[in-house]
Structure formats: structure tokens, C-alpha cells
1. Please work out which residue is farthest from the chain's Cα centre (by Cα), limiting yourself to segment 93-105 and to residues that are under 15 Å from G124 (Cβ atoms) and outside any helix (DSSP H, G or I).
2. The conditions are (1) within 17 Å of A46 (Cα to Cα); (2) part of a loop (DSSP other than H, G, I, E, B); (3) not hydroxyl-bearing (S, T, Y), and L82 fails exactly one of them. Which is it?
3. When the residues of segment 33-91 are narrowed to those that are closer than 20 Å to T102 by Cβ and of a type in the set (G, A, S), which ends up surrounded by the fewest Cβ atoms within 10 Å (Cβ to Cβ)?
4. Can you tell me which residue within segment 79-127, out of those that are among the hydroxyl-bearing types (S, T, Y) and within 23 Å of F13 (Cα to Cα), is modelled with the highest pLDDT?
5. Taking the condition of being assigned to a loop (DSSP other than H, G, I, E, B) and at negative phi, how many residues in segment 2-43 meet it?
6. Given the condition surrounded by fewer than 18 Cβ atoms within 10 Å (Cβ to Cβ), assigned to a helix (DSSP H, G or I), in contact (Cβ under 8 Å) with a residue 12 or more places away in the chain and out of contact with any strand residue (DSSP E or B) (no Cβ under 7 Å at 6 or more places or on another chain), answer yes or no: does some residue in segment 110-131 qualify?
7. Please find, among A60, A24, A5, the residue that is among the aliphatic types (A, V, I, L, M) and within 27 Å of D129 (Cα to Cα).
8. List the pairs whose first member sits in segment 17-32 and is in contact (Cβ under 8 Å) with a residue 24 or more places away in the chain, whose second member is surrounded by 17 or more Cβ atoms within 10 Å (Cβ to Cβ) and acidic (D, E), and whose Cβ atoms are under 9 Å apart, counting only residues at least 6 apart or on separate chains?
Amino acid sequence: MENKAITTNRKAFHDYFIEDTYEAGIALTGTEIKSVRRGKINLRDAYARVERGEVWLHNAHISPYEESGAYFNHDPLRPRKLLLHRSEIDGLIGKVQAKGLTLVPLRLYLSRGRAKIELGVARGKRDYDKREAIAERDSRREIERALKRNAR
């Protein structure tokens, strides 16, 4: 069954080297899942943190659901609990504390009607790393253009 990607965090791939990925469920309220299904979510400045043996997603903006009343709606930036197995959480704790890595959400998608988030264990890029990546991407694009021109 194909997973329907709702959003991807393209900034994460620009700012970090992704070393490992995990799939986690995300605990949402009724109006939140309705907004997610409509694509009203932004992961740009979001990050995950391990707190008291649980993993929490911070700064993920899920817009309020327009069709519900103000009483039923949610806070757009509230921390949301991520659902992982205990062994995965223990592994994340070791990686994040020992190596100084960070947890970054890479993409959010629906799998069998449930919202799933792909977490990346990431190491921050320096400015020169970003410049190298941009130069490499530009040169690859130029090569593809030249090959396409020569194929005509």
C-alpha cells in the first residue's frame, strides 16, 4: 500500500546530514488529524526531543481546523507525543546524548489512515558544507542539461 506524503521538511536536508531514520506514530487530537489530512502542517522549524523517556515533537505547526468551533480546536504549536518502541527510544537517547546529534522530522505521511512521521537522526552542516552541496547540485544540473542537448 502506498503511503500518501502530506509534507516534507526540505530545510532539514539542507541544514543537516541525516545519519539514520526512524518511523514514529504521532498522537493527535480529532481536529489536528483533520487539518493534517488537508495538508495544513508545517515542519520547517520543528524538532524532536527526548524528555523523561518519551519523545516529543516541538514547533510543528498544525493549523486550526476551520469547520470546528473554537472550543474544539487545538493550539497550533503544542508539543505532540511521538509513538516509538522502548528499544528505539533507548537507542535515540544514546545517540542524541553521546554524539551530540539532533532529531529532525523529515516528512509526515498517512499510512492506513494513521499519521506517521519520519524522524532523522541528524548532524548539523557547517556553512562550507552547504556551499559544497549547492555547488555539487548545480554542476549535476549542468551535466544533465549538456547531455540532454547532445542527445537532440
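The values are calculated or read from the model by the stated rules, or taken from the named source; none is laboratory data. If you're wondering where the values come from, they're calculated on a predicted model, not measured in any experiment. Heads up, the Cβs are rebuilt from the backbone with ideal geometry, glycines too, and the neighbour counts pull from every protein chain shown.
1. So the first thing to find is which residues in segment 93-105 are under 15 Å from G124 (Cβ atoms), and the list is 95-96, 99-104.
The next check asks that each one be outside any helix (DSSP H, G or I); those that pass are 100-104.
Numbers: G100: 19, L101: 15, T102: 12, L103: 9, V104: 6 Å.
Filtering segment 93-105 for residues that are under 15 Å from G124 (Cβ atoms) and outside any helix (DSSP H, G or I), the one farthest from the chain's Cα centre (by Cα) comes out as G100.
2. (2)
3. Top of the filtered list is G53.
4. So the first thing to find is which residues in segment 79-127 are among the hydroxyl-bearing types (S, T, Y), and the list is 87, 102, 109, 111.
In the following step, the residues that additionally are within 23 Å of F13 (Cα to Cα) were identified as 102, 109, 111.
Details: T102: 83, Y109: 89, S111: 84.
Within segment 79-127, the match that is modelled with the highest pLDDT is Y109.
5. Filtering segment 2-43 for residues assigned to a loop (DSSP other than H, G, I, E, B) gives 2-3, 9, 27-29, 38-40, 43.
From what's left, at negative phi: 2-3, 9, 27-29, 38, 40, 43.
Qualifying residue count, segment 2-43: 9.
6. yes
7. Working: A24 fails: within 27 Å of D129 (Cα to Cα); A5 fails: within 27 Å of D129 (Cα to Cα).
Of A60, A24, A5, the one residue that is among the aliphatic types (A, V, I, L, M) and within 27 Å of D129 (Cα to Cα) is A60.
8. Listed pairs, sorted by first residue: T21/E118; Y22/E118; E23/E118; A24/E118; I26/E32.
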